[in-house]
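Colleague: The structure is given below, and queries will be raised subsequently.
The values are calculated or read from the model by the stated rules, or taken from the named source; none is laboratory data. What you see is a predicted model, and the numbers here were worked out from it, not measured in a lab. Here Cβ is always computed from backbone atoms with ideal geometry, including for glycine, and neighbour counts include all displayed protein chains. Areas reflect the complete protein model, heavy atoms only, side chains present, ligands, DNA and RNA absent. Shrake-Rupley method; radii C 1.70, N 1.55, O 1.52, S 1.80 Å.
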Amino acid sequence: MVHHLSIDLETYSEAPIAKTGAQRYVADPSFEILLFAYSVDGSPVQIIDMAQGEEVPQDLIRALHNPQYIKHAYNAPFEFACLSKYYSPMNPAQWRCTMFHGLYCGYTAGLDATGKALGLPEDKQKLNTGKALIRYFCVPCKPTKANGGRTRNYPHHDLDKWKLFKEYCCQDVVTEMEIERRLSAFPVPDFVQKQWETDLTINTRGVAVDMPFVQGALKIGDEVRTELMNEARRITELDNPNSVKQIMDWMNKTSDDVELTDLRKDTVSKMLQNDDIPEGRDDVRRMLEIRQELGKTSTKKYDAISTCVCPDGRVRGLLQFYGANRTGRWAGRLVQVQNLPRTYTKAIETARTLVRRGKKDALRVIYGSVPDTLSQLIRTAFVASPGNKLVDADFSAIEARVISWLAGEEWRLEVFRTHGKIYEASASQMFGVPIEKIKKGNPEYALRAKGKVAELALGYQGSAGALKAMGALDMGLSEEELPEIVDKWRTANPHIKSLWWEMDAAVTRVIQTGTAERVRYVVLAREYDPVQGVDCLTITLPSCRKLFYISPQIGENRFGGTSITYLGMDQSTKKWKRIETYGGKLVENCVQAIARDALAEAIERLEAAGFPIVFHVHDEVVIDMKPFANDGAMLKAVTDIMTQPLTWAPGLPLGADGWVGDFFTKD
């Protein structure tokens, strides 16, 4: 008989979990479990006061390792890590994460926010006293005269608060169980649950870090920052030349020809690039250059690595499963590996050696801007384990392939079955020029840039604004020619254009009538749980995974046309609200979700074949493994697995390539 064990823990550690991540937090010598609240099969919640010496019953410890007991927790990877440290490593297959279940069903991540979005009654919701109690008992406190100079609050320092804290811990279990009950009509498919378990294994495995290199980068970064700040003070005579307000006031007062409204990176970059600085104002130019240098995020990334690295020299927890809950894609955490600068620096090994040795001046002589060089080298902080090699492989143009397959745009599919040069092929289709002429050295090669920006910007019903957002004007294109590019791309891709309108119309009908419809390889339906009163639009993907849109409605947009809306988390305001969508956006969701499923299946296949993944980025996997006889054989073994045909996506042409090396990089 299968039992369900619902768990919530309250813990203490001197490591700041928001910066270190759960694994480093748990690995800290100061870590301890304070409270262990649990319920078996929905029975009244019990709590073990471990901070005051209560012992965990042996039958409960046995249940933690018993496959007949499925362990449930909200953000289960945290409880998994905590209990694995205390009671030996747990088995991911025995765990279920209620937060992930909520994300799968279209809700948000927070326990409190999800409970409110689901409309939980007051007695089932998370207590709002938790944050203050966590600050009091779970993190170090500042020593004061009033508290006797102590650096930590124990239960005996405030027994009333401790009693309330135990109630809060128990209530979290109640809320978690109620959320799980509310979501039970929309279960997570077994194969997606397996992907969550694999993700937990990968995040627990972590990736090795070259800490001498990181420490060298931090030392050099501090030295350069001090130099730049001192130079800025000499030029401006300001107390804090890193203050946006002070710098803007100084520039606007000292030069009538300079009118600054902000000091964002793109503003400063454009002023320097376009030479928008008055003649003879070298001081203004130099301050903008200093501002640009100080704006580099390189040392922040190195700081993040240094903060979250575990005692064994590995960083763990870099990925959030289902972090983008509209599509199910992963999100970056801690170091944000999904948002690292590219590496254009040549002779990388030499640069890394200089950084490890703290040779700032030599780095400047050889590579120029030290902050820029450090920024480019941040990727190389992630390295292979001793005796191993990193294998990096990524899908080629995966979204372009998926949208071509989903829409049935045959000329594009033929490109991906053959040479794969989609930018050249797109330009050829748009401008009626033979693809053979679109090559370096020919005047027609200039069309490739138009094909490229069109491919990147226009696949999801984007127009001239999307081209500009993708940097079309920075690429040398004029605003006047953008509408023509939009028209030519849409004319060249009639099936993709039709897919937008078909999706919009079908979703509208499904919401209005409740009758399911198929659009190419996806199925649209309106699903309703009358018991819990949950209503949603679902899109069943070719993999059989579903996308959820809560409480769908049809209204009128600001242009007087039909508007499709649903309840979701606004990414700008971080508030639960009604969000508007349309055909192109829904196609984007489907394409990115299908691309995500292709990556997820590749991850499962690679792990099953004995290729241990340490992290992955968008459509790219990074594997840390014992070397083969030659690098080419290693890479081929990985790409062969990644490009195996997907049974649920017949005819989708996959391609993959990559490299083998000692450290992570991207050119």
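Colleague: Inspect all residues belonging to the range 572-588 and state whether any of them is under 30 Å from residue 411 (Cβ atoms) and among the aliphatic types (A, V, I, L, M). Step through it out loud before you land on a result.
Modeller: Within the range 572-588, the subset under 30 Å from residue 411 (Cβ atoms) is 581-588.
Next cut, among the aliphatic types (A, V, I, L, M) only: 586-587.
Yes, some residue in the range 572-588 is under 30 Å from residue 411 (Cβ atoms) and among the aliphatic types (A, V, I, L, M).
Colleague: Do we find a residue being at pLDDT 85 or above and either hydroxyl-bearing (Ser, Thr, Tyr) or touching an Asp or Glu at 6+ places or on another chain (Cβ under 6 Å) (or both) anywhere in the range 214-231? I'd like the intermediate steps shown before the answer.
Modeller: Within the range 214-231, the first condition is being at pLDDT 85 or above, and the residues that meet it are 214-231.
Applying the additional criterion that residues be either hydroxyl-bearing (Ser, Thr, Tyr) or touching an Asp or Glu at 6+ places or on another chain (Cβ under 6 Å) (or both) yields 226, 228.
Yes, that holds for at least one residue.
Colleague: Sticking with this structure for a sec: Among the helices (runs of 4 or more DSSP H) lying completely within the range 77-193, list those that include at least 2 residues that are within 30 Å of residue 327 (Cα to Cα) and open to solvent by 40 Å² or more (accessible area, probe 1.4 Å).
Modeller: Details: elements: 98-104, 111-117, 130-137, 159-183.
Here the list reads 111-117, 159-183.
Colleague: Restricted to the range 539-559, and to residues that are not in a loop (DSSP other than H, G, I, E, B) and not hydrophobic (A, V, I, L, M, F, W, C), which residue is modelled with the lowest pLDDT?
Modeller: Just the residues of the range 539-559 that are not in a loop (DSSP other than H, G, I, E, B), to begin with: 539-540, 546-556.
Next, from what is left, pick out any that are not hydrophobic (A, V, I, L, M, F, W, C): 540, 546, 549, 551-553, 555-556.
Working: 540: 98, 546: 98, 549: 96, 551: 95, 552: 96, 553: 96, 555: 84, 556: 79.
Step by step, filter the range 539-559, then rank; the result is 556.
Colleague: Of all residues being at pLDDT 70 or above and of a type in the set (S, T, N, Q) in the range 243-272, which is farthest from residue 293 (Cα to Cα)? Just the residue, please.
Modeller: If we take residues in the range 243-272 being at pLDDT 70 or above and of a type in the set (S, T, N, Q), then 252 is farthest from residue 293 (Cα to Cα).
Colleague: Only residues that are within 14 Å of residue 8 (Cβ to Cβ), in contact with a Phe, Trp or Tyr (Cβ under 6 Å, 6 or more places away or on another chain) and aliphatic (A, V, I, L, M): list them for the range 102-140, please.
Modeller: Within the range 102-140, 111, 127, 133 meet the criteria.
Colleague: Within the bounds of the range 450-463, is there any residue that is among the polar types (S, T, N, Q), crowded, with 18+ Cβ neighbours inside 10 Å and assigned to a helix (DSSP H, G or I)?
Modeller: Here is the first cut: in the range 450-463, the residues among the polar types (S, T, N, Q) are 461, 463.
With crowded, with 18+ Cβ neighbours inside 10 Å added as a condition, the list becomes 461.
Now narrow it down to the ones that are assigned to a helix (DSSP H, G or I): none.
No, because not a single residue in the range 450-463 is among the polar types (S, T, N, Q), crowded, with 18+ Cβ neighbours inside 10 Å and assigned to a helix (DSSP H, G or I).
Colleague: Enumerate the pairs (first residue in the range 253-277 and surrounded by 15 or more Cβ atoms within 10 Å (Cβ to Cβ); second residue anywhere and part of a loop (DSSP other than H, G, I, E, B) and at pLDDT 70 or above) with beta-carbon separation below 6 Å, excluding pairs fewer than 6 apart on the same chain, so at least 6 apart or on different chains.
Modeller: 255/281
Colleague: Under the condition of being under 25 Å from the mean Cα position of the chain (by Cα) and within 11 Å of residue 396 (Cα to Cα), which residue from the range 643-659 is surrounded by the most Cβ atoms within 10 Å (Cβ to Cβ)?
Modeller: Taking the candidates together, the pick is 658.
Colleague: Can you tell which of 624, 662 is in contact (Cβ under 8 Å) with a residue 60 or more places away in the chain, farther than 27 Å from residue 411 by Cβ and open to solvent by 70 Å² or more (accessible area, probe 1.4 Å)? Spell out how you get there, then give the answer.
Modeller: On the way: 624 fails: open to solvent by 70 Å² or more (accessible area, probe 1.4 Å).
Every option except 662 fails the conditions.
Colleague: Counting only residues that are surrounded by fewer than 18 Cβ atoms within 10 Å (Cβ to Cβ), part of a loop (DSSP other than H, G, I, E, B) and either without any contact (Cβ under 8 Å) to a residue 12 or more places away in the chain or of a type in the set (A, V, I, L, M, F, W, C) (or both), how many does the range 321-358 have?
Modeller: Count: 2.
Colleague: Here's another thing I want to ask about it. For the range 560-569, state whether one or more residues are within 19 Å of the chain's Cα centre (by Cα), under 26 Å from residue 113 (Cα atoms) and at pLDDT below 95. Steps first, answer last, please.
Modeller: So the first thing to find is which residues in the range 560-569 are within 19 Å of the chain's Cα centre (by Cα), and the list is 568-569.
Subset that is under 26 Å from residue 113 (Cα atoms): 568-569.
After this cut, where a residue has to be at pLDDT below 95 as well, the list is 568-569.
Yes, the conditions are met somewhere in the range 560-569.
Colleague: What residue, among those in the range 565-613 that are open to solvent by 60 Å² or more (accessible area, probe 1.4 Å) and in a helix (DSSP H, G or I), is farthest from residue 539 (Cα to Cα)?
Modeller: My answer is 608.
Colleague: Restricting the search to the range 386-396, which residues are open to solvent by 20 Å² or more (accessible area, probe 1.4 Å) and closer than 17 Å to residue 621 by Cβ? Talk me through it step by step, then tell me what you get.
Modeller: Here is the first cut: in the range 386-396, the residues open to solvent by 20 Å² or more (accessible area, probe 1.4 Å) are 386-389, 394, 396.
Hits for the range 386-396 are 388, 389, 394, 396.
Colleague: Please state which of the following conditions residue 144 fails to meet, knowing it meets all the rest: (1) hydroxyl-bearing (Ser, Thr, Tyr); (2) out of contact with any Phe, Trp or Tyr (no Cβ under 8 Å at 6 or more places or on another chain); (3) without any contact (Cβ under 8 Å) to a residue 40 or more places away in the chain; (4) within 22 Å of residue 48 (Cβ to Cβ).
Modeller: Evaluating residue 144 over (1) hydroxyl-bearing (Ser, Thr, Tyr); (2) out of contact with any Phe, Trp or Tyr (no Cβ under 8 Å at 6 or more places or on another chain); (3) without any contact (Cβ under 8 Å) to a residue 40 or more places away in the chain; (4) within 22 Å of residue 48 (Cβ to Cβ) leaves (4) as the failure.
Colleague: Here's a follow-up. Quick check, is residue 42 open to solvent by 20 Å² or more (accessible area, probe 1.4 Å) and either outside any strand (DSSP E or B) or closer than 19 Å to residue 137 by Cα (or both)? I'd like the intermediate steps shown before the answer.
Modeller: Values: open to solvent by 20 Å² or more (accessible area, probe 1.4 Å): yes; either outside any strand (DSSP E or B) or closer than 19 Å to residue 137 by Cα (or both): yes.
Yes.
Per-residue answers, yes or no, for (1) farther than 22 Å from residue 577 by Cβ; (2) crowded, with 19+ Cβ neighbours inside 10 Å; (3) without any contact (Cβ under 8 Å) to a residue 12 or more places away in the chain; (4) of a type outside the set (Asp, Glu):
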{"residue": "503", "(1), (2), (3), (4)": "yes, yes, no, yes"}
{"residue": "509", "(1), (2), (3), (4)": "yes, no, yes, yes"}
{"residue": "515", "(1), (2), (3), (4)": "yes, no, yes, yes"}
{"residue": "518", "(1), (2), (3), (4)": "yes, no, yes, yes"}
{"residue": "523", "(1), (2), (3), (4)": "yes, no, no, yes"}
{"residue": "527", "(1), (2), (3), (4)": "no, no, no, no"}
{"residue": "549", "(1), (2), (3), (4)": "no, yes, no, yes"}
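Colleague: Give the residue that is nearest to residue 348 (Cα to Cα), with candidates limited to residues of the range 383-433 that are in a helix (DSSP H, G or I), of a type in the set (Gly, Ala, Ser) and touching a residue at least 24 places away in the same chain (Cβ under 8 Å). Talk me through it step by step, then tell me what you get.
Modeller: We begin by selecting, within the range 383-433, every residue in a helix (DSSP H, G or I); these are 398-407, 410-417, 422-431.
Right, trim to of a type in the set (Gly, Ala, Ser) and you get 400, 404, 407, 425-428.
Those still in the list that are touching a residue at least 24 places away in the same chain (Cβ under 8 Å) too: 400, 404, 407, 425-427.
Values: 400: 31, 404: 37, 407: 42, 425: 34, 426: 35, 427: 35 Å.
Among those that are in a helix (DSSP H, G or I), of a type in the set (Gly, Ala, Ser) and touching a residue at least 24 places away in the same chain (Cβ under 8 Å), it is 400.
Colleague: Within the range 194-212, is there a residue that is surrounded by fewer than 15 Cβ atoms within 10 Å (Cβ to Cβ) and free of Cβ contacts under 8 Å to residues at least 12 places away in the same chain?
Modeller: There is no residue in the range 194-212 that is surrounded by fewer than 15 Cβ atoms within 10 Å (Cβ to Cβ) and free of Cβ contacts under 8 Å to residues at least 12 places away in the same chain.
Colleague: Select from the range 298-320 the residues that are open to solvent by 50 Å² or more (accessible area, probe 1.4 Å) and modelled with pLDDT under 90 and list them in ascending order.
Modeller: Hit for the range 298-320 is 300, nothing else.
Colleague: While we're here: Count, please, the residues in the range 625-667 that happen to be farther than 22 Å from residue 376 by Cβ and of a type outside the set (A, V, I, L, M, F, W, C). Steps first, please.
Modeller: Initially, the range 625-667 is screened for residues farther than 22 Å from residue 376 by Cβ, giving 625-656.
Right, trim to of a type outside the set (A, V, I, L, M, F, W, C) and you get 626-627, 630-632, 636, 639-640, 643-645, 647, 650-651, 653, 655.
The total comes to 16.
Colleague: Also, I was wondering about something else. Does the range 46-57 contain at least one residue that is surrounded by fewer than 18 Cβ atoms within 10 Å (Cβ to Cβ), farther than 26 Å from residue 316 by Cβ and small (Gly, Ala, Ser)?
Modeller: For the range 46-57, residues surrounded by fewer than 18 Cβ atoms within 10 Å (Cβ to Cβ), farther than 26 Å from residue 316 by Cβ and small (Gly, Ala, Ser): present.
Colleague: Assess whether residue 399 counts as being closer than 29 Å to residue 542 by Cα, surrounded by fewer than 17 Cβ atoms within 10 Å (Cβ to Cβ) and at pLDDT 95 or above.
Modeller: In short, no.
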